[in-house]
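Read the structure below first, then the notes.
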Amino acid sequence: MKDIAELLGRIFVAFLFIYEALDAMVFFDKTKATMAVYGITWKPDLILTIVIIFLIFGAILVLIGYYAGFGAFLLILYWLPFTVIVYSFWDDPPEYQRLHALMFMRNLALCGGLLMLIANGAGKYSIKRLIYIMKLPK
């Protein structure tokens, strides 16, 4: 059951970040405008393109379980700053503080899951393990 849970966890986490990347691509201009609202004005096209690459590459690595730790690291490089910038509940008006605090904690929990993936690896059902088991001839 542990192996199935690891696989499902990787799938759920990867789909979240794939969706995030697709949303950023489809609504590229709106995402840039949102970045400007949060004070990110230095080369927004470059930053957003790098973010999309990190999200897609990291999510695919997590999904297939090949260098999943590196993929999780790429996702944390995006998700942690995103969480601190967007859900800075300590600076929000009182009517938004509770909601943003909940979102902040939810995103921190996702970072914790990514850190556990880095620490424990992808598990039994991963491409990396499949390659290791097959031991292809040279």
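Suppose we filter Ile85, Ile47 for residues that are at pLDDT 95 or above and either surrounded by 14 or more Cβ atoms within 10 Å (Cβ to Cβ) or not hydroxyl-bearing (Ser, Thr, Tyr) (or both); which single one remains?
Going through Ile85, Ile47 in turn, just one is at pLDDT 95 or above and either surrounded by 14 or more Cβ atoms within 10 Å (Cβ to Cβ) or not hydroxyl-bearing (Ser, Thr, Tyr) (or both): Ile47.
Could you check the range 90-116 and list, in sequence order, the residues that are surrounded by 12 or more Cβ atoms within 10 Å (Cβ to Cβ) and either outside any helix (DSSP H, G or I) or among the β-branched types (Val, Ile, Thr) (or both)?
Asp92, the sole residue that qualifies.
Does Gly58 satisfy the criteria of being under 22 Å from Asp3 (Cα atoms), in contact with a Gly (Cβ under 7 Å, 6 or more places away or on another chain) and either in a helix (DSSP H, G or I) or of a type in the set (D, E, K, R) (or both)?
The answer is yes for Gly58.
Give the residue, chosen from Lys124, Lys128, that is at pLDDT below 95, of a type outside the set (A, V, I, L, M, F, W, C) and not in a helix (DSSP H, G or I).
Lys124
Which of the residues spanning the range 73-103 are closer than 16 Å to Leu48 by Cα and in contact with a helix residue (DSSP H, G or I) (Cβ under 7 Å, 6 or more places away or on another chain)?
Correct list: Leu74, Leu75, Ile76, Leu77, Tyr78, Trp79, Leu80, Thr83.
Considering only the range 12-27, I want to know if a residue exists there that is within 23 Å of Arg106 (Cα to Cα), among the charged types (D, E, K, R), in contact (Cβ under 8 Å) with a residue 40 or more places away in the chain and buried (at least 18 other Cβ atoms within 10 Å of the Cβ).
no
Among (1) touching a residue at least 40 places away in the same chain (Cβ under 8 Å); (2) surrounded by 14 or more Cβ atoms within 10 Å (Cβ to Cβ), there is one condition Ile4 misses while meeting the rest; what is its number?
Of everything listed in (1) touching a residue at least 40 places away in the same chain (Cβ under 8 Å); (2) surrounded by 14 or more Cβ atoms within 10 Å (Cβ to Cβ), Ile4 misses just condition (2).
Can you spot a residue in the range 52-69 that is over 20 Å from Ala21 (Cα atoms) and modelled with pLDDT of 95 or more?
No, every residue in the range 52-69 fails to be over 20 Å from Ala21 (Cα atoms) and modelled with pLDDT of 95 or more.
For the structure I just gave you, tell me whether Ala33 is assigned to a helix (DSSP H, G or I), small (Gly, Ala, Ser), surrounded by fewer than 12 Cβ atoms within 10 Å (Cβ to Cβ) and modelled with pLDDT under 95.
Answer is no for this residue.
The values are calculated or read from the model by the stated rules, or taken from the named source; none is laboratory data. Please read all numbers here as calculations on a predicted model, not as lab measurements. We place every Cβ from the backbone using ideal geometry, glycine too, and count neighbours over all the protein chains shown.
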